[in-house]
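Novice: So that we are looking at the same thing, I have put the structure below in structure tokens.
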Amino acid sequence: MTTTEAEPTGQAPAEHAVHGYHHQKDEHLKRLRRIEGQIRGLQRLVDEDVYCIDILTQVSASTKALQSFALQLLEEHLRHCVADAAVQGGAEIDAKVEEATKAIARLLRT
């Protein structure tokens, strides 16, 4: 496989190693660690036999945090990866739009 072909895992080719989220990577990692803490908190609540509704409230907060993170990442993908593909034109833009559309569809199913 050449470096200009997309990897089957959905990863960008090696020559495009800088992704749209790169400039905010530290902020994203911090946010994900906070979400990870929320999930661990859920485990603790279950372990401590906390009231169901209180746990569900925390599940909702964790879900919203992940959704918010996903939307931020999607916006950065559109601004960086899709915009770069638009400059290249041709099949590249069609592929990136299709990829983004499928990602949005997956997000909407959650």
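The values are calculated or read from the model by the stated rules, or taken from the named source; none is laboratory data. All values reported here derive from a predicted model rather than from experimental measurement. Cβ atoms come from the backbone with ideal geometry, glycine included; neighbour counts cover every protein chain shown. Note: areas computed on protein heavy atoms with side chains; ligands, DNA, RNA excluded. Shrake-Rupley method; radii C 1.70, N 1.55, O 1.52, S 1.80 Å.
Novice: A6 is checked against (1) outside any helix (DSSP H, G or I); (2) surrounded by 14 or more Cβ atoms within 10 Å (Cβ to Cβ); (3) modelled with pLDDT of 55 or more and fails just one. What number does that condition carry?
Specialist: Only one criterion in (1) outside any helix (DSSP H, G or I); (2) surrounded by 14 or more Cβ atoms within 10 Å (Cβ to Cβ); (3) modelled with pLDDT of 55 or more is unmet by A6, namely (3).
Novice: Any residue in region 27-36 that is open to solvent by 60 Å² or more (accessible area, probe 1.4 Å), within 22 Å of A85 (Cβ to Cβ), out of contact with any helix residue (DSSP H, G or I) (no Cβ under 6 Å at 6 or more places or on another chain) and modelled with pLDDT under 95? Break it down into steps so the answer makes sense when it comes.
Specialist: Kept after step one, since they are open to solvent by 60 Å² or more (accessible area, probe 1.4 Å), are these residues of region 27-36: 27, 29-30, 32-34, 36.
Imposing the further condition that a residue be within 22 Å of A85 (Cβ to Cβ) reduces the set to none.
Scanning region 27-36 turns up no residue that is open to solvent by 60 Å² or more (accessible area, probe 1.4 Å), within 22 Å of A85 (Cβ to Cβ), out of contact with any helix residue (DSSP H, G or I) (no Cβ under 6 Å at 6 or more places or on another chain) and modelled with pLDDT under 95.
Novice: With (1) over 16 Å from Y21 (Cβ atoms); (2) open to solvent by 70 Å² or more (accessible area, probe 1.4 Å); (3) under 13 Å from the mean Cα position of the chain (by Cα); (4) of a type outside the set (S, T, Y) as the list, and I104 as the residue in question, which single condition is left unmet?
Specialist: All conditions pass for I104, except number (2).
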